[in-house]
Ligand code: NAP
Ligand code: ZN
C-alpha cells in the first residue's frame, strides 16, 4: 500500500489542508501512478462546496491527472513503469452493460466510478488527483502523447474530452457554425478543438476582456453577452452551441441563436435547474441536449487529436498552497484558462 500526500477539504466552507491518503495494493490489472500535475476543474469546486449534493468529507478532488507509471499489477499489459499517463473523471465502470460495451463508460448503466467522491468496487471512497499517487485499473488509464507536456496534458483529461465529445458527436466541421458560451477552462478548449475540426467558431463571453486570446486560439468571432445587441445580431445563426457556463443562464436567449435543426448542448453543470420556453424549440425544430465527459476510447482519440493539431490548454501552474486562492479566482472568472497544481509541492 502507498501512503500518498494530498490536499483535502473537510467541508463546504473549509480551506484545503495537507493530508495523507492510502492507495490500495495493486490488484492484477492496476497501475500505480506517480502524479506530477493535477488540473483544477470547476466541477471540483461544485463538489468541494457541496453544491451537487451531500459529500463524504474529507474530500480530495482532482480529475485531470497526469503522471508517470510507478508500478504495475501482475497482469497489466497496456502500461509499463515509466510510461507517461493520464486519468480523467472516472476510474472504473461495470464493463458489461450496453453502454460500457459501446465504449461509453461514462454512461455506464450501473453508474461509472468517479475519480473522487465515488465508491470503488472494493467499497472504499475514491479520492482524486490533488495527491502524489493514485491506483487505477489499466482500462481507465490514458496514454499521453510524447509531444504534450505533462502539465498541459492534465486539463485535457476533463476540459479537453468534455468539449471534444459533443463537438465530435454533433459533427462540428467545415461549413458548421459553432458557438462556445463561456471562455473558461472548458470554453477555451472548445474553441481550439472546434476550430481544428474546421468549424466557424464564435465565442459568447460575458465581456470582451478575453477577445484577443479567443481569436488567437482560433475563434473567428467574439461577442459580449452583456450587450443585448449581440442576441439581436446573432439571432438564428448557429448549428451548434456548446454552453460551458457553470452558472444558470437565460436558455431562451441562447436558443434563439440556433438555426433550423440547431442544437444547444449543455456541458456546464450548475446546481440550479434551468428552464426554457418550448416554443423556442418547436418553432425551428431545435434541440436542447446535454453531454458528460467522454468514453475512454474517445478520450484517447481526443489526446491524439490534440497532439496532431498541436492543441494544448493555456495553463497557470500553482503550488498546493494556492488551491483556495485558485478556487476564488475561478469563481470570479479570473482564470487564464486552467489552474494546474504542481504536485511536487504537496
Ligand atoms: P470555468 O473555468 O469557471 O469556466 C466557466 C466560464 O463560464 C467562465 O470562465 C465564464 O466565462 C462563464 N461564466 C461564469 N459564470 C457566469 C455567469 N454567472 N453568467 C455567464 N457566464 C458565466 O469552469 P469550467 O471548469 O470550464 O467548467 C464549466 C462548467 O462545466 C462547470 O459547471 C463544470 O462543473 C462543468 N463541467 C461539466 C462536465 C461534463 O461532463 N458535462 C465536465 C467538466 C465540467 P466568460 O468569462 O467568458 O463569460
Ligand atoms: Zn472536470
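Read-outs throughout are calculated quantities, based only on the coordinates presented, and are distinct from any laboratory measurement. The structure displayed is predicted, hence computed values, not measured ones. Cβ placement follows ideal geometry from the backbone for every residue including glycine, while neighbour counts extend to all protein chains displayed.
Observations on the model:
- Over region 187-318: Kirkwood hydrodynamic radius from C-alpha pairwise inverse distances, Å: 16.0 Å
- Rg and Dmax over the alpha-carbon atoms of region 69-179 stand at 15.6, 50 Å.
- Measuring between their Cα centroids, region 37-59 and region 75-129 lie 18 Å from each other.
- Exposure proxy ranking for 304, 44, based on other Cβ atoms within 10 angstrom of each Cβ and starting from the fewest, stands as 304, 44.
- Extension gain for residue 13 to residue 220 (0.36 nm times residue separation, less C-alpha to C-alpha distance): 70.5 nm.
- Neighbour-count ranking [beta-carbon atoms within 10 angstrom, fewest first] of 115, 126, 47: 126, 47, 115
- Relative contact order, percent, region 20-131 [alpha-carbon distance under 8 Å, six or more residues apart]: 26 percent
- For the chain, calculated [θ]222 nm from helices alone, where every DSSP H run of n ≥ 4 adds -39500 (n - 2.57): -6000 deg cm²/dmol
- Ratio Rg/Rh [Cα only; Rh per Kirkwood] for region 3-116: 0.99
- Percent of Cα-Cα distances greater than 12 Å, calculated over region 1-56: 74 percent
- Exposure proxy ranking, count of Cβ atoms within 10 Å, fewest first, for 249, 241, 81: 81, 249, 241
- Spatially, region 229-260 and region 276-346 are offset by 19 Å when compared through their Cα centroids.
- Whole-percent pair-distance distribution, where bins are 20 Å wide, for the alpha carbons of the chain: 32, 58, 10, 0
- Degrees separating the helix 185-196 axis from the principal Cα axis of the chain, which is the longest one: 70 degrees
- A Cα-only calculation for region 290-346 places Rg and Dmax at 14.4, 37 Å.
- Principal-axis tilt of helix 296-309 within the chain, Cα atoms, nearest 10 degrees: 70 degrees
- Nearest-ten-degree value, helix 159-169 long axis tilted from longest Cα axis of the chain: 50 degrees
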